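Notes follow once the structure below has been shown.
A short reminder: the numbers here are calculations on the coordinates, not readings from a lab. None of these values were measured; they are calculated from a predicted model. Cβ placement follows ideal geometry from the backbone for every residue including glycine, while neighbour counts extend to all protein chains displayed.
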Amino acid sequence: MNTKHVLSGLALALVFVPAAVAQKPKPAPATPVTPPASTAISLAADPGTIIYANATTLSGRVTGRSVSGVVLRLWRDNTRPYGDSYKPTATTVKTAKNGRYSLTAKPLVNTQYRLVTTVAPAVASPPKLVQVRIRVGTRVSDSTPRRGSRVRFFGSAFPAHDGRRVTIQRRSPSGRFVTVARTRLRDAGTTKSTYSRRVRVYRDGTYRIKVTGDGDHVNGLSRLKHIDVHG
């Protein structure tokens, strides 16, 4: 046999054999994975506006694949603009078998809340703002004065809001409250402010006191006070 032909055939074999060995079987397709059901948390506040030192009930429901026994932590943001300064609280709540939950909160200033799951991946509820009214108390020096006499309206506002406007209002026949006098809150210590203003009255009327709010609290409204005028 021609030596040249033998060497040529051997060279071809060396070229093609490694290529055949390099081919590996394709891996089996991965088993499809069902994505976990999405989890959602609802949140409501009742009432949505409270009087200072009162409480509100935060409640809602967790929906998704697993809803029983989910631990939620309460987060809050009480600085405006709300939504960028949330901080976790020590308050947690566990959902019932149907995914529902309920807890009590007692904010002292306007506060936005969220409920967040305590396990990863964390899921948060939509935000809920709870507003806090200034607490306003009112008294009168005489609830049955003579016509044309002066009646003193006085009381306290909590927390302290020294310098805020105080408006004395009387309910009109249409049901609207009309301003009859104004004054300002005065310093009465660190926890409260006080006010006092004399108003001349000529006829029966139902009155209330309104204290203008600020960034931390909304307008405070006292209970209604009825005055019966005689003579």
*What FRET efficiency comes out for the pair Phe154/Ala120, r = Cβ-Cβ distance, R0 = 41 Å, nearest 0.05?*
0.15
_Where labels lie 7 Å past Cα in the beta-carbon direction, separation of Thr89 and Val199 in nm_ = 3.6
*asked:* Within 10 Å of each candidate Cβ there may be at most 14 other Cβ atoms; applying that plus a DSSP loop requirement, which trypsin sites (Lys or Arg not before Pro) in region 47-120 survive?
replied: Arg65, Lys97
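Among the trypsin sites (Lys or Arg not before Pro) within region 146-219, which fall in a DSSP loop and have no more than 14 other Cβ atoms within 10 Å of their own Cβ?
Answer in residue order: Arg147, Arg176, Arg203.
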_Options Thr138, Ala181, Gly148, ranked by Cα towards positive dipole end of region 135-227, top entry (Cβ charges)_ = Gly148
*Using θ = phi - 60° and the Karplus relation 6.51 cos²θ - 1.76 cosθ + 1.60, list the HN-Hα couplings for region 80-86 in order, rounded to whole Hz, with x at every Gly or Pro.*
7, x, 6, x, 10, 9, 5
*Considering only Pro121, Asn98, Val229, whose Cα is most displaced toward the positive end of the charge dipole of region 89-231, charges sitting on Cβ of Lys, Arg (+1) and Asp, Glu (-1)?*
Val229
*Near Lys106, which aspartates and glutamates are there with a Cα under 13 Å away, not counting those fewer than 8 places off in the same chain?*
Asp46
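Please go through the residue pairs Lys87/Lys225; Lys87/Lys192; Lys94/Lys210 and name each one whose alpha carbons sit more than 32 Å apart in this structure. Kindly include the intermediate steps, with their values, before the conclusion.
Numbers: Lys87/Lys225 41 Å; Lys87/Lys192 28 Å; Lys94/Lys210 40 Å.
The pairs that break the limit, which is 32 Å between Cα atoms, are Lys87/Lys225; Lys94/Lys210.
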